[in-house]
Amino acid sequence: MPARSPDRVALAVRAESVSSRDNRALKQFRAALRGSGLTDEGLTAVEGPRMVAEALASGLEIIAVLCSASGEPHLAAMEKQLPTGVRLLRVPDRLFESVSDTQAPQGIAALLRPRMADFDAFTRPSSGHPLVVVLVGVQDPGNAGTVIRTAEAFGASGAMLTAGSAHPWSPKAIRASAGSVLRLPVVHGIAPAVALVQLRMAGFATYAATLTGTSLPSAADLTAPVALLIGNEGTGLPPEVERSADATLRIPLAGAVHSLNAATAAAVLLYEAARQRGFTS
């Protein structure tokens, strides 16, 4: 006997049935979920029940929720979290698959307006001295998202992704951040030289992660306002950025390994900063 389809959720939202690939909202979802950053309207999207739940809990403006038949059970579980008046677009599974960026779509996604942080957000942490991770030319969105996730996990006050780095709101970066990009202040697209000037004027000590750094992370004072500079996966930091840093840090490695993945290097330095700051939770 075939399984019974789940009952549709009765919600106090604007529910719409969509059957055309040319629907404007569906085009927005497609651009957000399959693009490399924000849409032309400044929107992004998250996909899957966990990420949609993270978005609903983040306090960000939710523009619309997209749900297919297979996503109805997930939608039912989120009924109480849906903002009043949000658009609910119901589509056949085949249409959802046409906008999805995953191999096994789970039938639910949310279109949202991300919070645009500015530099001042880094200088006002909820507790302690600010700690910022700065990605310079880190082009892999998976690395970028992982660094953002790690930064939140170890109590950083924000992340900066300079011009030439992966976009933090690309689908792969959002997934790799596991929701952290929805909460942690993130600035994207700033020129490295401008970022360094702003950090210096705000009283940050800048530490560049390099293969030939003069100090070990444990020997550096990472308890003051600190910015950790992480470079490109293959070429590292540009020479001018490395020279402009207050100090360089080297992560000791054993055996024939000569370097670490950018996200791994950032995790080591962020953990050391958290350890020095008495991080225990």
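The values are calculated or read from the model by the stated rules, or taken from the named source; none is laboratory data. This one's a predicted model, so the numbers in the text were calculated from it and none came from an experiment. Cβ: placed from backbone, ideal geometry, glycine included. Neighbour counts: every protein chain shown.
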Collect the residues in the range 233-281 that are among the β-branched types (Val, Ile, Thr) and within 12 Å of Ala209 (Cβ to Cβ), keeping them in residue-number order.
-> Val241, Thr248, Ile251, Thr264, Val268
Can you give me the ranges of the strands (runs of 3 or more DSSP E) entirely in the range 1-82 with at least 1 residues that are under 27 Å from the mean Cα position of the chain (by Cα), at negative phi and at pLDDT 95 or above?
-> 44-47, 61-68
Determine whether the range 177-195 contains at least one residue that is in a strand (DSSP E or B) and within 17 Å of Thr146 (Cβ to Cβ).
-> yes
Report, by residue number, each residue of the range 213-238 that is closer than 24 Å to Val194 by Cβ, at pLDDT 95 or above, not β-branched (Val, Ile, Thr) and not in a loop (DSSP other than H, G, I, E, B).
-> Ala227, Leu228, Leu229
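For the range 239-281, which residues satisfy the criterion of being under 13 Å from Leu196 (Cβ atoms) and buried (at least 18 other Cβ atoms within 10 Å of the Cβ)?
Val241, Glu242, Ser244, Ala245
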Which of the residues that make up the range 59-71 are over 22 Å from Arg183 (Cα atoms) and either assigned by TED's automatic domain parsing to the domain that holds Leu182 or surrounded by fewer than 18 Cβ atoms within 10 Å (Cβ to Cβ) (or both)?
-> Ala69, Ser70
Options Thr123, Thr150, Thr102: the member that is of a type outside the set (A, V, I, L, M), more than 30 Å from Gly234 (Cα to Cα) and either out of contact with any helix residue (DSSP H, G or I) (no Cβ under 7 Å at 6 or more places or on another chain) or not assigned by TED's automatic domain parsing to the domain that holds Ala32 (or both) | Thr123
Specify which of the listed residues (Pro125, Pro168) is assigned to a loop (DSSP other than H, G, I, E, B) and within 13 Å of the chain's Cα centre (by Cα).
-> Pro168
Would you check if Val186 is closer than 21 Å to Arg30 by Cβ and in contact with a Pro (Cβ under 6 Å, 6 or more places away or on another chain)?
-> no
